[in-house]
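To start, the structure under review is shown below, and the notes come after it.
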Amino acid sequence: MKIILDFDHTLFNAQDFKQALRDRFALFGITAQQFDDTYFAIKQQLGYYNYHEHLKILAQNSRIDENDLILSFQEIVDSAKDFLYPDSLFFLKTIKNIPNISVYLLTFGQDELQQSKIEASWIKEYFNKIIDTKESKADLLKMDQDSNMVVINDRGKEIDEIKQQLPNLKAIWLRRADSFYVNEVCRQKDYEASTLGEALSIIKTLVNN
């Protein structure tokens with residue numbers, strides 16, 4: 001069985017990470033509104049977040065040395081382990097020891113940033129393979145002919161897209177109470193969990209059936 005895990009909002013508290021960046025940049029006089037407006041403008045323009053472009057625009061608009069923002073940004077990234085959800089490490093350690101299970105990390109976003117966050121989170125050892133992509137997760141998974149897969153994702157939209165192309169795959173919708181996407185529509189989930197502990201129980205049941 002292959003377990004396909006998402007990173008942001010599943011293992012990693014991306015909202016707290018972003019708030020830490022807002023707080024740090026406030027020291028340079030950058031408001032939360034300025035941070036968010038440029039953040040979402042870049043995501044809309046590129047289809048994903050590019051921190052190089054974000055910091056460049058913030059530096060230009062606020063007349064700040066871009067290198068100062070880069071250094072501050074990197075300091076927050078280097079503390080990525082602090083932003084793992086409390087149940088993430090227990091889940092990874094436990095599932096890694098279940099026989100006949102391979103664990104994959106499939107994350108969407110800017111390759112360099114995602115890899116840096118994952119590296120600084122100290123979780124690489126728990127995965128058989130780590131894939132970051134700017135393309136559709138559904139299209140990427142469709143290339144894998146293994147039907148015995150379980151996806152754990154916080155995005156209802158992504159689960160629906162994946163199930164549309166891979167209806168036999170099992171999908172666990174992880175609805176963390178404080179997630180930005182907790183109320184996103186998810187029509188094709190097979191299971192729903194509010195914690196990784198609940199997701200782990202579902203996986204153990206699937207393995208034993």
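The condition (being free of Cβ contacts under 8 Å to residues at least 12 places away in the same chain and outside any loop (DSSP other than H, G, I, E, B)) is satisfied by just one residue among Ala20, Ala59: Ala59. For the stretch 45-67, the criterion of being touching a His at 6+ places or on another chain (Cβ under 8 Å), buried (at least 18 other Cβ atoms within 10 Å of the Cβ) and among the aliphatic types (A, V, I, L, M) is satisfied by no residue at all.
Those helices (runs of 4 or more DSSP H) of the stretch 83-161 in which at least 2 residues are of a type in the set (Phe, Trp, Tyr), considering only elements entirely within it, cover 88-96.
Gln164: free of Cβ contacts under 8 Å to residues at least 40 places away in the same chain and surrounded by fewer than 13 Cβ atoms within 10 Å (Cβ to Cβ), yes or no?
Details: free of Cβ contacts under 8 Å to residues at least 40 places away in the same chain: yes; surrounded by fewer than 13 Cβ atoms within 10 Å (Cβ to Cβ): yes.
For Gln164, the condition - free of Cβ contacts under 8 Å to residues at least 40 places away in the same chain and surrounded by fewer than 13 Cβ atoms within 10 Å (Cβ to Cβ) - is met.
Within the stretch 20-44, restricting attention to residues that are closer than 27 Å to Ser136 by Cα and of a type in the set (S, T, N, Q), which residue is surrounded by the fewest Cβ atoms within 10 Å (Cβ to Cβ)? Among those residues, the one meeting the criterion is Gln44.
Residues being in contact with a helix residue (DSSP H, G or I) (Cβ under 8 Å, 6 or more places away or on another chain) and surrounded by fewer than 19 Cβ atoms within 10 Å (Cβ to Cβ): count how many of those fall in the stretch 86-102. Give the steps one after another, and end with the answer.
Going through the stretch 86-102, the residues in contact with a helix residue (DSSP H, G or I) (Cβ under 8 Å, 6 or more places away or on another chain) turn out to be 87-88, 90-96, 98, 100-101.
Checking the rest, the ones that are also surrounded by fewer than 19 Cβ atoms within 10 Å (Cβ to Cβ) come to 87, 90, 93-94, 96, 98, 100-101.
Here the count works out to 8.
Please find, among Glu192, Glu158, the residue that is touching a helix residue (DSSP H, G or I) at 6+ places or on another chain (Cβ under 6 Å) and under 27 Å from Phe17 (Cα atoms).
The unique qualifying residue is Glu158.
Laboratory data are not the source of any read-out in this text; all were calculated from the coordinates shown. Not measured: the values here are computed from a predicted model. Reconstructed Cβ throughout: ideal geometry from the backbone, glycine too, with neighbour counts over all protein chains shown.
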